[in-house]
Amino acid sequence: MNIEKKQTKGCDKLSRVYEDMFNILQEVMNDEDKLKELSPLDYSALGMYIGKFVEQEINSSVVQIMRAFCGIDMPEYYCKRYPGFDVDANVEGKNKKIRLNEQKPNGDLKSLRTIPLGDAFYALELLKKEDDEGFFNNFPWLSDRIFLEAWRNLFTFRNKMAHIGEIIDIETLKENYEYFLRFLRYMPDILEAKKKLAPDDYIESLPTSEKKGKDVSPYIVTENPPSDKPFAPKEIAERYCKLSKAGEWTNEYYDIANKYNLDAIIFEGMNGKKGIKDCCEHILVPAKYDGFGFIPKPFIVNRKSVNALRNGQFVLVTLDGSGEELTKEPYDEIRLATYHHLGSPYVYRKNGMKAWGFMNTLGDEICENIIDHYAWGLNSMWYDSGDKMGYWQFGIIFLPPLYDNIEMTGDPEDPLLFTLDGVQGYVKQDGSFLPLSELKKMEEEDEESIIWDFICEQYDI
């Protein structure tokens, strides 16, 4: 991450502070020995930066998007008083009212009150339900389950650090640092949002960014992307592979992983076509293609296939060096369902159709081209076809788009609430539907006999 450039007019000093703190935090979190040397009882001081940074970025991007939805133009980062500030922007739910447009209580006409992370999250969920005209579709990352799950966990983390009596141990810090890294993946989207909402004389102060991953169609890698780590030499890669297969998670094993890039490598054959090999120089895919959808991680996950581009069309090819193509015919497009899951299946288009279909890593079509839109969590996908919704938890269950609605309570351990033909209920791991009314009867008769195997992976993200 690089934030030494001004992200908002008047905030260049704050951005430089953020950059310095980020570099220090990253250095400490990537050095297990250094973390252990600190060995404090409470890591709140180290984690406070994470909460402050996320709070800053949510207020300068997402809150501004919500203000725009309510009819308020974005000022020069709260630094200009103008009549638009007088627009009423109250977001009211069952339990609280959030004022998006409230000035600071000291009467300072140049500043607006910042909004707590949790309140902003709550307000966004309410406003999205009122979005009949699709305003929030212009910011698809606001419905990205990875982004929202990271945000939701980080505001809980932020609250814990700010309260006396709450202890942040090292494991809690590590867990939320991972959520922080997921949040940082969306910085290009956050910066683009600021540019989109800003007045014309404001844009020059913002750095440019390029769309990554899911926003590029098609997303094709034709050479190895730059990395902060050098590729592992053959002998070191072979040593790492040996330790991994033997299950010897020694300091040597982690030292290699920390120092070297162990991803696969794209190479060019004599024919000018591209292939893939690992750091041990084993050929994974022969040089027959124009590019690939992603760079495999052969030492981390034993993946079966990669999506490859040839003559403008896509195929799935095995990663065992044989060059066998798993798809019998080329597709208009094949892409990873999600770039956040190492074992991700694929989505595809074929025969000129705009709707998506799904296929597994062996090239078997799981769902034909009927999916209009899809979104993903860490291990799952949500999708709709017409006015019906479906759910796919990778490796566990695929539910076709048959449901009127699928709702999340926000707690990953609670069952998802499905509505089927107007009836609300839960879905079990075997795909059977249990109406809430039947569940209530079962609980009244003998609550202990109920087997709680309902689908409950909720990434309200």
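The values are calculated or read from the model by the stated rules, or taken from the named source; none is laboratory data. In this text the structure is predicted, and so the values were computed from the model without any measurement. Glycine gets a Cβ as well: all are built from the backbone with ideal geometry, and neighbour counts include every protein chain shown. Quick note on the areas: whole protein, heavy atoms, side chains included, nothing else; ligands and nucleic acids left out. Shrake-Rupley method; radii C 1.70, N 1.55, O 1.52, S 1.80 Å.
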* Asked: Going by accessible area, probe 1.4 Å, with all protein chains left in place, what is the ranking of R303, R310, largest first?
  -> R310, R303
* To do: Sum up the lysine pairs in region 254-367 that clear both bars: alpha-carbon distance under 27 Å and a spacing of 8 or more or different chains.
  => 28
* **Cα-only Debye scattering, region 265-309: base-10 log of I(q)/I(0) at q = 0.24 Å⁻¹** => -0.83
* Asked: Computed over the Cα atoms of region 287-429, what is the convex hull's projected area averaged over all directions, in nm²?
  -> 9.6
* Structure fact -> Once E133 and L402 are pulled to full extension, the length gained, defined as 0.36 nm per residue separation minus their Cα-Cα distance, is 94.4 nm
* Asked: What is the P(r) of region 215-351, as percent of Cα-Cα pairs per 10 Å bin from 0?
  -> 12, 41, 33, 12, 2, 0
* If R0 is 35 Å, what FRET efficiency do you get for E281 and E368 from their C-beta distance, rounded to 0.05? -> 0.30
* Potential extension, T250-K441 segment - 0.36 nm per residue separation minus Cα distance -> 63.4 nm
* Structure fact -> With all protein chains present, region 354-401 has a carbon and sulfur share of its accessible area (1.4 Å probe) in percent of 53
